[in-house]
Amino acid sequence: MKKHNFSAGPCILPQSVLKKASEAVINFNGIDLSLIEISHRSKDFVDVMERARSLVLEIMQLENKGYQVLFLQGGASLEFLMVAYNLMNTKAAYLNTGTWSSKAIKEAKLFGEVVEVASSKDLNFSYIPKNYTIPSDVDYFHCTSNNTIFGTQMNQFPSVDCVNVCDMSSDIFSRRMDFSQFDLIYAGAQKNMGPAGTTLVVVKEEILGKVNRPIPAMLDYKVHISKDSMYNTPSVFAVYVSMLTLEWLISIGGIAAIEDVNEKKAELIYTEIDRNPLFTGFVKNKEDRSKMNATFNLIDEKHAPAFNTLWTEAGINGLKGHRSVGGYRASMYNALPVESVEVLVQVMQELERNS
Ligand SMILES: *Cc1c(COP(=O)(O)O)cnc(C)c1O
């Protein structure tokens, strides 16, 4: 039986997607060749890339609004520097909400001045800072919508006058939002969209071409756009599986439908974390709690061996928290069924009964 997969990333994908992907690896589209052994310039693959790119715009409701979709490589980590390379002339503003924001800031500092508008580092990134001001003379503002490691999520975004950039690696396509408030969105595929190996970039074309530095071709969004995201060999398998996952998302009703499911899962787990006397939530402000990654700890570590045995025996995978937070992290990405969260809640209740 398939395990209940709470892995933080690479993460669970829909079973139907995995099945189709495995078939395509052997015989793609009935052409008696594997998806991963044909030319990326063949019509069969070019169709995949085109479809994946257009599904992204459709799901985000960004069609005909000047956005371009790219499937790049190098992970979200490469976007930390590509964003600055392509957008920063002198100065940029960053909101520091965790490990990934901090890494983005570190890379951006190689290109100019970084104004950290606010940081939640003082309390180990367990909350989302509010009430900060973004200077008016910056080239762009950058934030991280969901903090995968600490389990916080931005439920409101500041209104921004400059170019607005968001790292949505771990909550892309998980909830309704006005995506058009952002000029550049990026996301490593492996958290909520597909397998590792490709990074989604959605960028408003008009913000590009405004920096003076020469940009190496592979790091230049304009080059990738001009080649329809095929400047070099794309990560064909990762793009194909991402396309299948986007098709799956549309088939179940799109973002609105998955948001309902995600809210239900978050409600289940946080209700139990708050109710169960053995556990405590890492994020105290309820409005800052992530619906994708719920972080929690045992109040008394003496229960850890019993808890670990119980959840392992229940077929749960990937519950261990990140080393910088400790405890547990239940990652509940789009493809995780409600039933898996119900099993986890039952295990937490069983621990309480046994203790
Ligand atoms: C995982 C993650 C990253 C890093 O992604 P890679 O693709 O491994 O480089 C960046 N930002 C966020 C929010 C993440 O969750």
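The values are calculated or read from the model by the stated rules, or taken from the named source; none is laboratory data. From a predicted model like this one, the values you see are computed outputs, not experimental measurements. Neighbour counts are summed over all protein chains in view; Cβ atoms, including those assigned to glycine, are modelled from backbone coordinates with ideal geometry. The accessibility values were calculated without ligands, DNA or RNA, using every heavy atom of the protein model including side chains. Shrake-Rupley method; radii C 1.70, N 1.55, O 1.52, S 1.80 Å.
Only residues that are more than 17 Å from Val223 (Cβ to Cβ) and assigned to a loop (DSSP other than H, G, I, E, B): list them for segment 44-91, please. Passing the criteria: Gln61, Leu62, Glu63, Asn64, Lys65, Gly66, Met88, Asn89, Thr90. State yes or no: is Val241 within 16 Å of the ligand (Cβ to nearest atom) and open to solvent by less than 30 Å² (accessible area, probe 1.4 Å)? Yes: the conditions hold for Val241. Only one of the numbered conditions (1) away from the ligand (no atom under 12 Å from the Cβ); (2) farther than 30 Å from His40 by Cβ; (3) open to solvent by 30 Å² or more (accessible area, probe 1.4 Å); (4) not aromatic (Phe, Trp, Tyr) is violated by Asn64, and that is (2).
Checking the stated criteria, Ile149 turns out not to satisfy the condition of being hydrophobic (A, V, I, L, M, F, W, C), open to solvent by less than 30 Å² (accessible area, probe 1.4 Å) and closer than 20 Å to Leu62 by Cα.
Among residues of segment 119-146 that are closer than 30 Å to Met332 by Cβ and in a loop (DSSP other than H, G, I, E, B), those with a beta-carbon under 8 Å from a residue that is at pLDDT below 95 and within 16 Å of the ligand (Cβ to nearest atom) at least six positions away or on a different chain give the pairs Asn124/Ser324; Asn124/Val325. Do you know which residues across segment 314-340 are open to solvent by less than 20 Å² (accessible area, probe 1.4 Å) and under 12 Å from Ile273 (Cα atoms)? The answer is Tyr328, Ala330.
Going through segment 101-121 one residue at a time, which ones are crowded, with 23+ Cβ neighbours inside 10 Å and closer than 15 Å to Ser145 by Cα?
Filtering segment 101-121 for residues crowded, with 23+ Cβ neighbours inside 10 Å gives 101, 104, 108.
Across segment 101-121, the qualifying residues are Ser101, Ala104.
Which count do you get for residues in segment 304-320 that are within 13 Å of Phe6 (Cα to Cα) and either outside the structural domain of Glu339 (by TED's automatic domain parsing) or hydrophobic (A, V, I, L, M, F, W, C) (or both)? Give the steps one after another, and end with the answer.
Of segment 304-320, the ones within 13 Å of Phe6 (Cα to Cα) are 311-312, 314-320.
Okay, now just the ones that are also either outside the structural domain of Glu339 (by TED's automatic domain parsing) or hydrophobic (A, V, I, L, M, F, W, C) (or both), so 311, 314, 316, 319.
Number of matching residues: 4.
Quick check, is Met177 free of Cβ contacts under 8 Å to residues at least 24 places away in the same chain and either more than 10 Å from the ligand (Cβ to nearest atom) or open to solvent by 10 Å² or more (accessible area, probe 1.4 Å) (or both)? Considered against the rule, which asks whether it is free of Cβ contacts under 8 Å to residues at least 24 places away in the same chain and either more than 10 Å from the ligand (Cβ to nearest atom) or open to solvent by 10 Å² or more (accessible area, probe 1.4 Å) (or both), Met177 comes out as yes.
Here is the figure for segment 85-143: residues that are within 16 Å of the ligand (Cβ to nearest atom) and of a type in the set (Asp, Glu) total 1. Checked against (1) open to solvent by less than 30 Å² (accessible area, probe 1.4 Å); (2) touching a residue at least 60 places away in the same chain (Cβ under 8 Å); (3) touching a Lys or Arg at 6+ places or on another chain (Cβ under 8 Å); (4) assigned by TED's automatic domain parsing to the domain that holds Lys109, Asn96 passes all but a single condition, namely (2). Any chance segment 205-226 includes a residue that's in contact (Cβ under 8 Å) with a residue 60 or more places away in the chain, hydroxyl-bearing (Ser, Thr, Tyr) and within 22 Å of Asn96 (Cα to Cα)? No, there is no match, as no residue in segment 205-226 is in contact (Cβ under 8 Å) with a residue 60 or more places away in the chain, hydroxyl-bearing (Ser, Thr, Tyr) and within 22 Å of Asn96 (Cα to Cα).
From the list Val165, Val160, which one is modelled with pLDDT of 95 or more, surrounded by 15 or more Cβ atoms within 10 Å (Cβ to Cβ) and more than 21 Å from the chain's Cα centre (by Cα)? Steps first, answer last, please.
Working: Val165 fails: more than 21 Å from the chain's Cα centre (by Cα).
Going through Val165, Val160 in turn, just one is modelled with pLDDT of 95 or more, surrounded by 15 or more Cβ atoms within 10 Å (Cβ to Cβ) and more than 21 Å from the chain's Cα centre (by Cα): Val160.
Residues in segment 222-249 that are closer than 25 Å to Tyr85 by Cα, among the hydroxyl-bearing types (Ser, Thr, Tyr) and in contact with a Phe, Trp or Tyr (Cβ under 9 Å, 6 or more places away or on another chain): Ser229, Ser235. Filtered by the rule that a residue be part of a loop (DSSP other than H, G, I, E, B) and open to solvent by less than 60 Å² (accessible area, probe 1.4 Å), segment 1-26 gives Phe6, Ser7, Ala8, Gly9, Cys11, Ile12, Leu13, Pro14. Taking segment 196-237 as the range and being open to solvent by 60 Å² or more (accessible area, probe 1.4 Å), aromatic (Phe, Trp, Tyr) and away from the ligand (no atom under 16 Å from the Cβ) as the test, only Tyr231 passes.
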